[in-house]
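Chemist: Pasting a structure here, questions to come.
Read the figures in this text as sums done on the coordinates, not as results from a lab. Just so you know, these numbers come straight off a predicted model, no measurement behind them. Virtual Cβ from ideal backbone geometry, glycine too; neighbours counted across all protein chains shown.
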Amino acid sequence: MHIDPQEIDPRAVYKLLTGSVIPRPIGWISSISPEGIPNLAPFSYFNAVGEDPPHVMFSTIRPNNTNKDTLNNVLATGEFVVNMVTEDTVERMNRTSEMVPPDVDEFELGGLTPIASVKVKPFRVAESPITMECKVVHHYTLEDHKNGGATIVVGRIVLFHIDESVLLDDYKINMQTYRPVSRLAGANYAKLGEIFTIKRPI
Ligand SMILES: Cc1cc2nc3c(=O)[nH]c(=O)nc-3n(C[C@H](O)[C@H](O)[C@H](O)COP(=O)(O)O)c2cc1C
């Protein structure tokens, strides 16, 4: 079956896309407004982009041509923190996705502990075992004729915080103790399933 995304409703495209591109890692992005109000929200249009130098990207949709608070903060300050989501924090992550006015602190809403970052102003989530302090290097808005499109933000990682409980020798991450959670479609999430190994051809 062929489906032309131009010919179906954007909600249907959303279901096709987010059901097909799975599992998606979740970038739980903390930011801060120029006035100093902390913000925290999850984004599963998120991934790592290269390692030398290390970058991540996330994308926010722009419903009715409006920026989400995260985007406004990140564009205004040029800084954000990625907090990785685990089985222990997934419920609280979900609470921070509530659409609330910009003056609401989602750390409080989610019952999470903000701790100061080292190189950027936004707070980190203390409950997250892996966090990355980032500086914005690029942003680009994908235009859409029906709605507000989406804005991609690329940030350079300037500092990793890795809890020793998830760190093995030689900078490897311990999957058993890390227990990351990814997003599937709609309200569905996934834990790590069976892990298997395939050696790369030489
Ligand atoms: C698991 C999860 C993933 C999400 N991924 C995205 C995303 O990739 N892009 C987006 O615009 N919204 C995404 N959302 C919705 C935002 O988190 C939500 O709109 C949030 O209220 C934005 O907060 P803010 O206005 O403080 O930035 C996601 C929500 C959940 C629960």
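Chemist: Please arrange 84, 1 by how many other C-beta atoms lie within 10 Å of their C-beta, fewest to most.
Modeler: Fewest-to-most ranking of 84, 1: 1, 84.
Chemist: Here's a follow-up. Rg (Å, one decimal) plus Dmax (Å, integer) for the alpha carbons of the chain?
Modeler: In Å, with Rg to one decimal and Dmax whole: 17.4, 54.
Chemist: Can you put 87, 7 in order, fewest other beta carbons within 10 Å first?
Modeler: In order of increasing Cβ crowding within 10 Å: 7, 87.
Chemist: If you build a Gaussian network model of the chain, linking Cα atoms that sit under 10 Å apart, which residue out of 141, 89, 77 swings the most?
Modeler: In the Gaussian network model the winner is 141.
Chemist: In a solvent-free Debye calculation with one equal scatterer on each Cα, what is log10 I(q)/I(0) for segment 9-86 at q = 0.17, 0.25 Å⁻¹, listed in the order of the q values?
Modeler: Rounded to two decimals, the profile gives -0.77, -1.24.
Chemist: What residue among 136, 100, 56 shows peak mean-square fluctuation when the chain is described by a Gaussian network model with Cα springs under 10 Å?
Modeler: So, out of 136, 100, 56, the one fluctuating most is 100.
Chemist: Additional query: If you average the sequence gap of Cα pairs under 8 Å that are 6 or more apart and divide by the length of segment 23-184, what percent do you get for the contact order?
Modeler: The normalised contact order for segment 23-184 reaches 28 percent.
Chemist: Anything over 26 Å Cα to Cα? Flag those among 15/172; 135/172; 68/121; 68/135; 119/172, in the order listed.
Modeler: 15/172
Chemist: Give me 196, 123, 46 ranked fewest to most by other Cβ atoms within 10 Å of their Cβ, as a rough exposure proxy.
Modeler: By the 10 Å Cβ count, ascending: 196, 46, 123.
Chemist: When the chain is modelled as a GNM with alpha-carbon springs shorter than 10 Å, which of 143, 35, 108 fluctuates the most?
Modeler: Sorting by GNM fluctuation, first place goes to 35.
Chemist: Explain nothing, just the number: dipole magnitude of the chain about its Cα centre with +1 on each Lys and Arg Cβ and -1 on each Asp and Glu Cβ, in debye rounded to the nearest 20.
Modeler: Charge dipole of the chain: 400 debye, to the nearest 20.
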